[in-house]
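See structure below.
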Amino acid sequence: MFPWALYPGVKVRAWGYNGQVPGPLLQFTVGEKVEIVVHNQLPQPTTVHWHGMAVPNDMDGVPGVTHRAIPPSGHFTYRFTVTPQMIGTHHYHSHVNDDFQVDKGLYGPLIVDASPVKAQLKEIDALYVISGFKIGGSESENAFLLDGKAYPQAQALEVPLGATVRLRLINAGAEERHVMHLHGYTFRIVSLDGNPLKNAIDANTVTLGPSQTADIIFTANNPGKWMFHCHVLDHTINPGPYGDGSAAHMVDMGGLVTFVDVVPHMSSKQIVRHRG
Amino acid sequence: MFPWALYPGVKVRAWGYNGQVPGPLLQFTVGEKVEIVVHNQLPQPTTVHWHGMAVPNDMDGVPGVTHRAIPPSGHFTYRFTVTPQMIGTHHYHSHVNDDFQVDKGLYGPLIVDASPVKAQLKEIDALYVISGFKIGGSESENAFLLDGKAYPQAQALEVPLGATVRLRLINAGAEERHVMHLHGYTFRIVSLDGNPLKNAIDANTVTLGPSQTADIIFTANNPGKWMFHCHVLDHTINPGPYGDGSAAHMVDMGGLVTFVDVVPHMSSKQIVRHRG
Amino acid sequence: MFPWALYPGVKVRAWGYNGQVPGPLLQFTVGEKVEIVVHNQLPQPTTVHWHGMAVPNDMDGVPGVTHRAIPPSGHFTYRFTVTPQMIGTHHYHSHVNDDFQVDKGLYGPLIVDASPVKAQLKEIDALYVISGFKIGGSESENAFLLDGKAYPQAQALEVPLGATVRLRLINAGAEERHVMHLHGYTFRIVSLDGNPLKNAIDANTVTLGPSQTADIIFTANNPGKWMFHCHVLDHTINPGPYGDGSAAHMVDMGGLVTFVDVVPHMSSKQIVRHRG
């Protein structure tokens with residue numbers, strides 16, 4: 001449990017892995033033997049579920065069924081071998097009291113590769129974890145985040161002109177579906193839930209229900225600052241005194257808004273969001 | 001109208017077909033001449049709509065347009081011949097005052113086969129009807145059911161290790177979309193709305209809007225008890241004093257939760273959910 | 001700003017393009033040079049975003065980023081050349097204070113063709129813009145419209161028996177997803193977001209999140225009046241004293257309901273909804 005700033009002026013008490021929201025990016029390769037020790041410093045029992053990954057049943061994180069929930073101050077060691085079934089974009093999250101615990105920040109991204117990958121300047125491999133918080137006593141999600149931050153704090157994605165971009169999207173929120181839309185481009189949806197589509201889908205929006213992931217790709221051949229946002233328009237507003245806006249009061253952009261900034265010249269050191 | 005137990009301690013007054021929620025499973029074969037007499041014992045007019053099936057227009061169940069609604073104490077005989085267009089997983093439901101009548105229980109599953117099928121031990125053909133009730137005076141769905149029961153009353157699906165499982169899912173609820181997720185497996189979405197996909201989609205979640213159906217298949221080669229649940233996490237909680245949970249109060253799993261129990265040895269008599 | 005009748009007895013103050021909701025249908029052909037002057041007669045700044053179309057960055061309509069919002073009484077000229085990337089079914093809409101402005105009526109349909117098309121009697125090319133208003137002080141959409149009108153005011157689609165129908169659907173609403181269902185037919189989803197699917201999907205429902213478009217086709221070989229409606233059943237009710245209905249009070253069909261009327265004989269003059 002730690003303080004976490006969502007956007008300017010709003011800080012919440014978050015529950016998260018390793019003191020951050022989302023938790024750290026885990027990257028595994030097929031054949032690897034994974035061992036992760038989870039120390040529970042929360043006031044409630046918790047578990048970790050490896051969503052989309054066929055781990056042995058006793059490592060699956062369903063409390064009272066596959067193993068006992070980890071009590072406060074307790075710990076548990078998750079162990080599994082990475083298999084080809086696990087290749088792709090996934091996430092991990094709590095499976096205890098989960099509508100609450102997940103929306104406090106207990107999730108993180110996880111990528112499995114067939115074999116080790118090497119970053120290349122012209123191939124950007126970036127990701128955004130989309131999530132929600134319930135703030136101000138709300139019973140439903142009302143603050144929406146990209147990598148733990150709402151616009152204008154959400155980090156933009158800078159890419160060099162001409163690069164091939166793979167953007168991995170993970171909806172780690174507990175309740176809401178999001179319809180992510182990129183301006184200035186038709187992208188290709190190549191993977192859903194971590195699984196390659198036999199026939200990729202060309203689109204400018206991709207719908208992500210809770211827990212769903214998608215990989216989209218595009219070639220950054222249209223220069224400029226292109227908005228990337230959820231098209232459920234009340235997900236692009238931070239909670240405030242003027243609600244969702246009116247004729248009397250305009251509201252600023254917030255929540256699930258960021259920009260893909262396609263710039264002519266860029267060195268590999270400037271590519272801050274590359275997953276490698 | 002009859003009393004119907006949703007989960008331990010909660011019983012509602014349901015409206016349903018033949019005194020059950022969902023209504024009885026109807027199974028037809030192409031070429032069959034169907035004749036179904038509906039006696040209306042409700043206090044309101046009603047009709048039956050054969051969703052996804054191109055019946056003759058005067059059998060379509062739209063009140064005041066394709067035929068007069070069946071008045072209380074009245075009856076109507078639906079008659080149609082089963083055509084190849086109807087093959088697949090469908091459902092039937094009321095089309096009168098329907099946001100209310102459907103969420104009282106007036107729906108049921110319907111499967112059409114090209115020709116008669118015979119159950120085989122290594123091929124499980126099971127189904128779940130997903131639905132919602134509005135309880136405690138709620139204006140929106142707040143209790144969610146698998147085959148008319150919420151967890152922990154929802155029936156588990158036991159399958160023998162190695163079996164090929166076809167799981168037919170029908171969202172018969174009036175309002176909410178559900179994101180059904182199976183642990184421990186990648187499944188294949190082979191059919192949507194009763195129609196085979198030209199290219200099946202591999203996934204671990206399947207999204208079902210109101211009235212949508214999906215057939216998913218997987219080979220039960222990963223032993224254990226695997227959770228199968230909606231990943232909209234407030235759909236996995238039964239209405240209660242602690243809402244959706246908090247730091248002070250944990251809530252139990254409920255609603256759209258069940259388990260696929262993959263067991264080593266199993267006789268055909270033990271397969272209770274086979275549709276045949 | 002102008003008065004706009006949603007359904008019998010309910011008139012709202014709308015904001016729209018050219019005094020209508022939705023705005024006028026724009027039709028372009030590849031190679032065309034488009035020039036559109038927007039005069040802002042609203043009490044707030046506004047912009048126009050050409051959704052799904054890779055226009056030059058300074059024509060993209062994102063206020064304060066790609067260009068300054070058009071102030072009240074100001075104007076801006078949007079200029080771009082139509083490219084092959086733009087072919088398909090799209091829409092345009094405001095991108096300022098947009099959860100409010102869009103749900104006041106600031107959107108319109110837009111179709112781009114590879115080359116000029118000529119209407120033919122046996123090929124119906126029709127469209128419906130689906131949208132939502134927030135009426136009676138609601139903070140979320142509660143009145144739902146087809147081409148700016150709720151049932152029973154929404155216009156029906158009359159087609160001659162045997163015709164091939166392409167129905168373009170645009171969800172221009174700000175918040176809700178819709179699950180459009182056609183009775184009496186299996187249709188083919190051939191295009192999403194304006195992009196042809198490599199493998200068309202056969203279905204009887206199509207889900208449209210905010211801003212998403214779909215083209216569906218079917219051959220009108222089943223005569224009769226076939227309901228076409230959203231299967232989120234509280235989207236088929238106009239706001240009223242009896243809410244979503246009850247055992248004591250039935251509610252009439254409203255909102256996202258219309259009919260496809262397949263009639264034996266029809267002259268080309270009678271086809272009122274053809275886009276040409």
Measure of exposure for C:Trp4: accessible area at 1.4 Å probe, Å² rounded to 10, is 40
Reported to the nearest 10 Å², C:Met250 has, with a 1.4 Å probe, an accessible area equal to 80
Averaged per residue, the 1.4 Å probe accessible area of chain C, protein heavy atoms only, in Å², is roughly 36
Put A:Val10, B:Val159 in order of accessible area, largest first, probe 1.4 Å, and you get A:Val10, B:Val159
Per-residue ellipticity at 222 nm attributable to helices in the protein assembly as shown (runs of n ≥ 4 DSSP H, -39500 (n - 2.57) apiece, nearest 500 deg cm²/dmol) works out to -500 deg cm²/dmol
Going residue by residue through the stretch A:41-48, the Karplus relation 6.51 cos²θ - 1.76 cosθ + 1.60 with θ = phi - 60° gives ³J(HN,Hα) values, rounded to whole Hz and with x marking Gly or Pro, of 9, 8, x, 10, x, 8, 9, 10
With all protein chains in place and a 1.4 Å probe, A:Ser191 shows an accessible area in Å² (nearest 10) of 10
Residues of the stretch B:8-51 that bury at least 40 Å² of accessible area, probe 1.4 Å, when all protein chains are present rather than the chain alone, are B:Gln44, B:His51
homo-copy label distances at A:Lys122 (7 angstrom along Cα-Cβ), nm, one dp, ascending, are 5.0, 5.0
Rounded to the nearest 100 Å², the accessible area hidden between B and C, summed over both chains at a 1.4 Å probe radius, is 3000
Pseudo-spin-label distance A:Ser140 to C:Asn221, built 7 Å along Cα→Cβ, given in nm, is 4.3
Binned at 10 Å from zero, the C-alpha pair distances of chain A give percents of 7, 28, 35, 23, 7, 1
Measuring from its Cα centre, chain A shows a charge dipole (+1 at each Lys and Arg Cβ, -1 at each Asp and Glu Cβ) which, in debye to the nearest 20, is 640
Inter-copy distances for C:Ala248, label 7 Å out on the Cα-Cβ vector, sorted ascending, nm, one decimal, are 3.4, 3.4
The percentage of the accessible area of the protein assembly as shown (probe 1.4 Å, all protein chains present) made up of carbon and sulfur atoms, to the nearest whole number, is 53
With +1 at each Lys and Arg Cβ and -1 at each Asp and Glu Cβ, the charge dipole magnitude of the stretch B:170-230 around its Cα centre, to the nearest 20 debye, comes out at 200
dims of the stretch C:10-142, Cα set, principal axes, largest to smallest, nearest Å -> 44, 36, 21
Per the 1/(1 + (r/R0)^6) rule, R0 = 51 Å and r from the Cβ atoms of B:Gln27 and A:Met250, FRET efficiency to 0.05 is 0.35
Here the correct list, in nm and shortest first, of distances from C:Asn199 to the same site in the other copies, label points 7 Å along Cα→Cβ, is 0.6, 0.6
Ignoring ligands, DNA and RNA, the residues of the stretch B:168-199 whose accessible area with a 1.4 Å probe is reduced by 40 Å² or more relative to the chain alone are B:Glu175, B:Arg177, B:His183, B:Thr186, B:Asp193, B:Asn195, B:Lys198, B:Asn199
Expressed in µm² per second, the diffusion coefficient of the protein assembly as shown from the Stokes-Einstein equation, with Rh the Kirkwood radius over alpha carbon pairs, at 20 °C and 1.002 mPa s, is 78
If R0 = 60 Å, then B:Asp113 and A:Ser73, at their Cβ-Cβ distance, give a FRET efficiency to the nearest 0.05 of 0.60
Ordered by number, the residues of the stretch C:249-265 with at least 50 Å² less accessible area in the assembly than alone (1.4 Å probe) are C:Met250
One residue of chain B has its C-beta nearest the axis rotating B onto A; that residue and its distance in whole Å are B:Asn199, 3
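The values are calculated or read from the model by the stated rules, or taken from the named source; none is laboratory data. Remember, it's a predicted structure, so these values are computed and weren't measured experimentally. Methodologically, a virtual Cβ is constructed for each residue, glycine included, from the backbone with ideal geometry; neighbour enumeration extends over all protein chains shown. The protein model used for the area step is the full one, side chains on, heavy atoms only, and it has no ligands, DNA or RNA in it. Shrake-Rupley method; radii C 1.70, N 1.55, O 1.52, S 1.80 Å.
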